[in-house]
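Worksheet: the structure to be examined is printed underneath.
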There are 6 protein chains.
Amino acid sequence: MEKQFTHIDEDRVHMVDVSEKDDVPRLARARGEIVLSEETIRKIKAGNVEKGNVLATARVAAVLAVKKTPEIIPMCHLIPITGVDVDFEIGNWTIAAVVEVRTVGKTGVEMEALTGVSAALLTIWDMVKSVEKDESGNYPNTSIRNIRVLEKHKGKHFVTIHPTENESIDVDFDVTDKPDY
Amino acid sequence: MEKQFTHIDEDRVHMVDVSEKDDVPRLARARGEIVLSEETIRKIKAGNVEKGNVLATARVAAVLAVKKTPEIIPMCHLIPITGVDVDFEIGNWTIAAVVEVRTVGKTGVEMEALTGVSAALLTIWDMVKSVEKDESGNYPNTSIRNIRVLEKHKGKHFVTIHPTENESIDVDFDVTDKPDY
Amino acid sequence: MEKQFTHIDEDRVHMVDVSEKDDVPRLARARGEIVLSEETIRKIKAGNVEKGNVLATARVAAVLAVKKTPEIIPMCHLIPITGVDVDFEIGNWTIAAVVEVRTVGKTGVEMEALTGVSAALLTIWDMVKSVEKDESGNYPNTSIRNIRVLEKHKGKHFVTIHPTENESIDVDFDVTDKPDY
Amino acid sequence: MEKQFTHIDEDRVHMVDVSEKDDVPRLARARGEIVLSEETIRKIKAGNVEKGNVLATARVAAVLAVKKTPEIIPMCHLIPITGVDVDFEIGNWTIAAVVEVRTVGKTGVEMEALTGVSAALLTIWDMVKSVEKDESGNYPNTSIRNIRVLEKHKGKHFVTIHPTENESIDVDFDVTDKPDY
Amino acid sequence: MEKQFTHIDEDRVHMVDVSEKDDVPRLARARGEIVLSEETIRKIKAGNVEKGNVLATARVAAVLAVKKTPEIIPMCHLIPITGVDVDFEIGNWTIAAVVEVRTVGKTGVEMEALTGVSAALLTIWDMVKSVEKDESGNYPNTSIRNIRVLEKHKGKHFVTIHPTENESIDVDFDVTDKPDY
Amino acid sequence: MEKQFTHIDEDRVHMVDVSEKDDVPRLARARGEIVLSEETIRKIKAGNVEKGNVLATARVAAVLAVKKTPEIIPMCHLIPITGVDVDFEIGNWTIAAVVEVRTVGKTGVEMEALTGVSAALLTIWDMVKSVEKDESGNYPNTSIRNIRVLEKHKGKHFVTIHPTENESIDVDFDVTDKPDY
């Protein structure tokens, strides 16, 4: 059977009815990267404090954006989020944000995790823009890329494998950013 | 002289003081892509109506997100946005969103344009997720990539070159998504 | 026994305590009309695309407003909305918006449906205001009217009778769509 | 010349560019009515306190909704509102809300005034719903109607004619407050 | 065993996972005071109507802020609030706000009650600022103080002891505002 | 002449009309304290990282709340905030938050500064609540106190005296929290 867009019902966008779905534990983890200049990365790595400032602000932005998802993505349901974790991985040219969202609800939380990742990366951009800008005020190097859902689970119980304890998580997704079909 | 993070003043994150900057016309355009399955792209291209539905919803989401930027990115100023245009380019594996934001204000609107692009792409993802998901509910192909600022201007007067009239705009940015430093 | 205003308890406005009410499926449908000039209606009917644009934007506005109801109506509870449908009926002088809201919650969702209808009609007004305005910038013909709750149900299970499949729903309310000025 | 929908530019909804418009004083006044049962009106008239409660809550809701207009109506600009007045007229079967909005800005504030009126009337409905509902939980009499823009002005200076000092303002709209069903 | 900050997990702020906690009835009551000039208190006491205006506005602000808590306090969960009561006590130099919040949820609602109290007191300040200000526009006397959690309960059932029926509630907290360590 | 409540005009709450006021630079600084247990203060002082986490989160909350003031305090105008600084002073039993807000606008920003202080202190409370709670889940020691406007200025130009460079700022306000009339 062919798949259909569930948000579109005979020509009308709607919020899909999930009334009959069960309230079960659900988890989604998403990840994305911001590409930055070496100078910015060096500055962030240099000082514990500055790093704290940029990433702490991005972390708060991510948690708030997870909760604000139904305002940002019009057809998303308001889901009672029960937990959010945000982690960062600092590479040579990139900072990656990983956001894990949990709920006990009627529908998955991958859009919430993706929204959290986007807000974290946008906030990093905003915090470092004075260093990333060239003389014309433009951004020759800066970009956001590779925003993906890493995993999604549902069930009666689930074990939270914490991002920081699992360094190889996104290897499979990160080899190339070209889609493989 | 070495560049500094303007949002961080001796260890404290703050909202940069722009009181003394002039209210001048400013414009920023940003662009990003969502990578989708061929089936999704085909469905979106097939029907005028469905296409209208997915992209019309994403367009509204982008305009609302542009206005909501100071809530999503913590250190952003509340800027009186005077105009927003959102356009889409449908490729074989991607849909690109281009958002142009204008203001007459004290600081640039690139974060607003980037936030609009992010909201548009997240909304497309949400609208097509029933087709993109595999049997386990995961997204093997879907990703958001290549979010960049295309251009930024300020001045007393500026000419609005409209996205749809300028098909070659983002060629330079799109050849590769590897940063070239 | 005389009825009392439940939101007013001995001289103090409050949010009524629903802690002891059951989480059951609930549905409400509301409807309202905007009276427009014949020129506006003709333009909307003429082009599939323009119609799509005006009404698609109003539909998204309605879904978002349904979710935002507890911010707009101060004493409303935050109810976990499980589904929203928005439909439009184009008459000769009017466009009607019908919004159906579902939840599994502790209290009814008629205020959510009414708020969705109001947002849809206000958005239509905003989208067509350049055609509706006279030379002085005023609106001699435009008005919003007839906002009502069509039906409200609760129970363990309910059958969703979809607006578009039920053409006679609002006969009583719709005897004429000619405004009486 | 034929009028065009300014929010729709060749098939794309957008936020109209007002960058080149002047910041001038602007005023808009809108009015609408809620039709209620005689019992509700009697209760509201009876007690000074209860009247205060219902209408004071609706007044606050209106002012907040005026400020929230660009979130509720997607293509609306964020306008720096400089003043809001909300007044009520209690008839035999209706309560009318009149909202006057002022700004010094680049575009008119009639959508803000209309949104304020809508929020005031929805809030009244919510406050009195325990009295308006019949045994099935439905609303046989309640409706919102006659939402209109009363007047709109712009200029270098304007005289604020205060609603309460000008009893004949809405004569044309108020010939009867009896609903015609 | 030493207590730990639950919102901080090995150097990372996060939203604490409450997935496994039960949905049980919970109640919290908080209280705080605003210190005002005698002239302001006298004016508020003098007229029934003015008192109604200042305090009715503060009451609405409190209820809305209770619902907005997860937006204001970044790591707070979105809890389905089932009831809110706001009461005021007018002293000689102070007005106290008491906010009681109920839920059937997975975590306590003391932050919601405290946020409601804060919003009520800030709104009173805003409403009376023309009287409180000295000639330089400053506030020599005005302050907010003594914001505390009065009580917190959880259980299968709880009896709501209404603030107004229990005049001695906050005696213990009010004797001194010096902390007793 | 007797002072009047400007937000109340003959029995009706309204948003004061500031259309005719000039857009001039304005600054307000407010300060408040949260009283905490010695154990909490010790933990916050102990680790650079934890301190960063609690206070960095409170700082972000304050900046966001400053921008959200017109949503929290109903009659506040939406003012284009041009800068925000948040600082903390850690005492033996207290943490003080100082928030400085700047604008070029038509009305003062003291309510914004006070709202930022309140949000910072509430966020600190939320972050440390696991340590502050006793076995019954209550807070025997925790309170918020002494929220005041430290200074307010307007003019064509102003010198920003930065909180951290001026350690004696609030001596006068802190000797006692009893009002001195």
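The values are calculated or read from the model by the stated rules, or taken from the named source; none is laboratory data. Because the structure is a prediction, the values reported are computed rather than measured. Backbone-built Cβ (ideal geometry, glycine too); neighbour counts: all protein chains shown. When the accessible area is computed, the model is the full protein with side chains, heavy atoms only, and any ligands, DNA or RNA have been set aside. Shrake-Rupley method; radii C 1.70, N 1.55, O 1.52, S 1.80 Å.
Annotations for the structure displayed:
- Any hit, segment C:7-18, residues being assigned to a helix (DSSP H, G or I), touching a strand residue (DSSP E or B) at 6+ places or on another chain (Cβ under 7 Å) and open to solvent by 20 Å² or more (accessible area, probe 1.4 Å): no
- Of the criteria (1) open to solvent by less than 10 Å² (accessible area, probe 1.4 Å); (2) within 9 Å of chain C (Cβ to nearest Cβ); (3) of a type outside the set (Asp, Glu), which one E:Ile34 fails: (2)
- Long-range neighbours under 8 Å by Cβ, at least six apart or interchain, first residue closer than 16 Å to E:Asp126 by Cβ and aromatic (Phe, Trp, Tyr) within segment F:98-109, second modelled with pLDDT of 95 or more and open to solvent by 10 Å² or more (accessible area, probe 1.4 Å): none
- Any hit, segment C:49-68, residues being under 29 Å from C:Ile8 (Cβ atoms) and out of contact with any Gly (no Cβ under 8 Å at 6 or more places or on another chain): yes
- When D:Thr57, D:Thr103 are screened for being within 11 Å of chain F (Cβ to nearest Cβ), hydroxyl-bearing (Ser, Thr, Tyr) and not in a strand (DSSP E or B), only D:Thr57 passes.
- Given (1) more than 14 Å from chain B (Cβ to nearest Cβ); (2) open to solvent by less than 10 Å² (accessible area, probe 1.4 Å); (3) without any contact (Cβ under 8 Å) to a residue 60 or more places away in the chain; (4) not in a helix (DSSP H, G or I), index of the condition F:Lys3 fails: (2)
- Some residue of segment B:80-95 being in a helix (DSSP H, G or I), in contact with a Leu (Cβ under 7 Å, 6 or more places away or on another chain) and open to solvent by 20 Å² or more (accessible area, probe 1.4 Å): no
- Residues of segment E:106-140 satisfying the condition of being of a type outside the set (A, V, I, L, M, F, W, C), outside any loop (DSSP other than H, G, I, E, B) and either within 8 Å of chain F (Cβ to nearest Cβ) or touching a strand residue (DSSP E or B) at 6+ places or on another chain (Cβ under 6 Å) (or both): E:Glu110, E:Glu112, E:Thr115, E:Gly116, E:Ser118, E:Thr123, E:Asp126, E:Lys129, E:Ser130
- Residue count for segment E:122-181, restricted to those that are within 22 Å of E:Ala62 (Cα to Cα), modelled with pLDDT of 90 or more and of a type in the set (Phe, Trp, Tyr): 1.
- Looking at F:Ala65, F:Ala58, just one residue is open to solvent by less than 20 Å² (accessible area, probe 1.4 Å), of a type outside the set (Asp, Glu) and under 30 Å from D:Asp23 (Cα atoms), and that residue is F:Ala65.
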